[in-house]
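The values are calculated or read from the model by the stated rules, or taken from the named source; none is laboratory data. Here the structure is a predicted model, which means the values were calculated and not measured. For neighbour counting, all protein chains shown are included, and Cβ atoms are generated from backbone atoms with ideal geometry for every residue, glycine included. These accessible areas exclude ligands, DNA and RNA; they are computed on the full protein's heavy atoms, side chains included. Shrake-Rupley method; radii C 1.70, N 1.55, O 1.52, S 1.80 Å.
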Amino acid sequence: MDNVYDYAKTEKRLLEYWRKEKIYKFNPNSEKPIYSVDTPPPTVSGAMHIGHSASYTQQDVIVRYKKLRGFEIFYPFGTDDNGLPTERLIEKLKNVKAVKMDRQKFIELCLSTLKEIRPDFVNDWKKIGMSCDFDVFYSTIDEHCRRVSQRSFIELYEAGREYRKKAPTVWCPVCETAIAQVELEDKELESQFNDIVFKTEDGKDLIISTTRPELIPSIVAMFAHPDDDRYKGLFGKKAKAPLFDIWVPILPDEKAEPEKGTGIVMCCTFGDQTDIEWYKQHKLPLRISITKDGKMTDLAGKYKGMEIKEARKVIIEDLEKEGLLKGIKKIKHPVNVHDKCGTEVEILETEQWFIKYLDLKKEFLKSGKEMKWRPKHMRNRYDNWIKGLKWDWCISRQRFFGVPFPVWYCKNCSEVILADKKSLPVEPLKDKPPVKICAKCRCREFIPEKDVFDTWATSSLTPKIAAELFKNHKIFKKLYPMSMRPNAHDIITFWLFNTVVKSRMHDKVNPWKDIMISGWVLDPHGKKMSKSKGNTIAPQDILEKYGADVLRFWATNTKLGEDVRFREEDLLRGRKVLVKLWNASRFVNTFKTEGKTKKEHVTDLWIKSKLSKVIAKATKSLDEYEYSSAKKVIIDFFFRDFCDFYLEMVKYRLYSNDKASKNSAINTLREVLFDVLILLAPYTPYITDELYLILFSYKKSIHLEQWPISKKIRVSAEVRKTKYEEIGDLLVKVVEKIRKWKTDNKIGLGNEVEELTLSGVKELSNLKGEIKGIMKINKLNLKTSPKLKIN
């Protein structure tokens, strides 16, 4: 056994050993209870980041624990490969632009590039010690996933849950696609209120405060609160918008806020959600002044073709020249931006596909209550999101690479033609529809749908996608609904909620029993990490410098759901644990057992009793997904009770001529160390397996062992009378006292003491031999005293 643990060589060797020996292989024929995991499929749009390494480690600790508890583990691994992030990655890697390429050629380029880069990407997850069965694999763009996703669309369409409509849609002018409400982020931006002069029919000034004067060409009405005395006399009349000579009605509506700006606002199609509501409620006309790529339309007159912000600047300048700008007030306010690119979004009327679900909000809230959230308070985010929903789910995207809609339209009457489920997956741009004649109008020509699904429309099906890899196997019914969904708190409203939506709509079940929510990794100052800020930490660098076990140990320091600040000094604690574990194991390995223990020593019983309590506490914590508290209990026991005291207390016995006492100590050391290695195996899978294979090797891997059971120490009535737990604790106090005395008197802990007088309770007399042997005291004098002291 080497003097120093070489993590780099060990981790590389064990990773290959686990693969070769199929240590984490899922057995579909197993009779064990199933623990199934809806593993998050990371997006192949870059390398694994520090947040990934932390959250995936946390879930893996629970999964490894469940495996040791005797469950058959269904722990697939997938990658999220479709949609906008992938497009952006391919464009960057291959120096191309999707809009300038033939669509089919771009799709082929995406697929071939993903095939090239995916192995290295997935390898990072293997390196951190993920215990997934990587042979149970899916990609959200592979044939299997496209089939499941397209089938989902057809089933929901047939159930009356999907519709296509030309309607106000949240739109990203940079990505040039519709986006869902869930893809919006609030970003605090600097802006200004512009007090602009409108004219009433009798020529009087009417001041409107707006941050978006470039929307004046889209104005269709003006609104004030019906109880606002300032404007009651204007209701039913008209006002003229400056620069564009547009006359619009002045109308009352309770959604107008008297205290905001001047109390009267312009309604444009469309500036925000309220504009949409007014547009529908009051049956207002449609005026679109912004194009899909973020430029001004013909309605903008001389500002046509300008970028939005450029038009805003020039319009403000023109208003000022005309004397129609009465004031400017600098402000900061939250603005909706696209989470993928950070662009301020617009609302345009476009034709999109939607899933109708606003009528099911109560059902979704009920589902949230039925699932176990860990930590519990994270359900509040889920509930608040549902309560705040205002839009149906827009699932169509005007992109090139993604899962295509299995739809064609009749060229004459626009009748929707769905693909045959048996022929899925289909590519309407290449494949022909399943009918030759439109049943509605008898037309023989069809138009393929060009749009692709929102990536979440497919990712929301991951429980079914993974389980259906075994659809034709009897175990399929045991895999879905799944046991657990690990999920970062920032995508509760994305992935988690949408998965509940699909599961409820398709199967009327909740997709999982337990939900495990992880937090973010922040920089040392508590700031969110981002490449633009230059404060990111690459886990690959940590793996190289410290190894996977140290990274995993650090990742499990924080409680589930909590954000954690990354500090490199916190990694040193994990390295210290590994060094201590290796050295303690090396020491134990130097002694070989000589058969069963004939008579157990009081200190052996004491350490076993301590261990039994630790097992009980750790088991209870891990059952509740409280991996950090379980780890603390285990580490405290290992460092203090086992290494600092028990190892030192038995050394004199290990080198004594009393074979029975020596053998009892050796057997206890090995028994306790064996259980400690298993307790730590979910956290530090590499070093624990290496030590297990060196010292024990009862099975192919420690990860195939059974979790230790907390058990009452069986002893005779005579031994029980010795009160070994209390005696052991007393011995620890004595050792601590004499160690301090030696240190204070500058005597080496390993040096002998010729004579020492110790005062304390009468039970010390039963420990005289122990104290002399452990602390190397030639002559020990004992006196009875209520207080432990050295005379």
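Could you point to the residue in Tyr163, Thr455, Val509 farthest towards the positive end of the chain's charge dipole, with +1 and -1 charges on the Cβ of Lys/Arg and Asp/Glu respectively? Towards the positive end, the residue furthest out is Val509. Counting only Cβ charges, +1 for Lys and Arg and -1 for Asp and Glu, the dipole size of region 632-695 around its Cα centre is about 260 debye. Tell me the label only: which of (i) 1.04; (ii) 1.11; (iii) 1.00 is Rg/Rh (Cα atoms, Kirkwood Rh) as calculated from this structure? Comparing each candidate, only (ii) matches the computed number. Along region 239-252 the Karplus relation, 6.51 cos²θ - 1.76 cosθ + 1.60 evaluated at θ = phi - 60°, assigns HN-Hα couplings of 9, 9, 7, x, 6, 10, 6, 9, 9, 9, x, 9, 10, x Hz to successive residues, with x for each Gly and Pro.
For region 418-499, the fraction of 1.4 Å probe accessible surface lying on carbon and sulfur atoms is 52 percent. Here is the list for region 1-109: GluC sites (Glu not before Pro) lying in DSSP coil, each with at most 10 other C-beta atoms within 10 angstrom of its C-beta, are Glu31. Rounded if a/c is under 1.5, else prolate if a/b beats b/c, else oblate: with a ≥ b ≥ c from the C-alpha gyration tensor eigenvalues square-rooted, which is region 281-413? Oblate.
Projecting the Cα positions of Pro258, Phe354, Ile777 onto the charge dipole of the chain (unit charges on Cβ atoms of Lys, Arg, Asp and Glu, taken about the Cα centre) puts Ile777 furthest along the positive direction. Here region 8-96 exposes an accessible surface that is 51 percent carbon and sulfur, computed with a 1.4 Å probe and the other protein chains kept in place. Taking the longest Cα principal axis of the chain as reference, the axis of helix 497-507 is set at about 80 degrees. For Ile246, the amide hydrogen comes within under 5 Å of the amide hydrogens of Ala241, counting only partners 5 or more places away or on other chains and with H modelled in the peptide plane. Distance between Cα centroids, region 378-403 to region 557-600: provide it in whole Å. Computed from Cα coordinates, the inter-centre distance equals 45 Å.
Rounded to the nearest 500 deg cm²/dmol, what is the calculated helix-only ellipticity per residue at 222 nm for the chain, with -39500 (n - 2.57) per DSSP H run of length n ≥ 4?
-11500 deg cm²/dmol
Which entries of Lys22/Lys126; Lys25/Lys559; Lys369/Lys471; Lys9/Lys66; Lys67/Lys631; Lys733/Lys787 show an alpha-carbon separation above 19 angstrom in the structure shown? Among Lys22/Lys126; Lys25/Lys559; Lys369/Lys471; Lys9/Lys66; Lys67/Lys631; Lys733/Lys787, the Cα-Cα distance tops 19 Å for Lys25/Lys559; Lys369/Lys471; Lys9/Lys66.
Ranked by the mean number of other Cβ atoms within 10 Å per residue, highest first, peptides 244-254, 389-399, 277-287, 684-694 order as 684-694, 389-399, 244-254, 277-287.
Per residue, the chain exposes 47 Å² of solvent-accessible protein surface, assessed with a 1.4 angstrom probe and all protein chains in place.
Using Cβ point charges alone (K and R +1, D and E -1), the dipole size of the chain about the Cα centre works out to roughly 3120 debye. Among the protein heavy atoms of region 534-614, carbon and sulfur supply 49% of the accessible surface, probe 1.4 Å, non-protein parts ignored.
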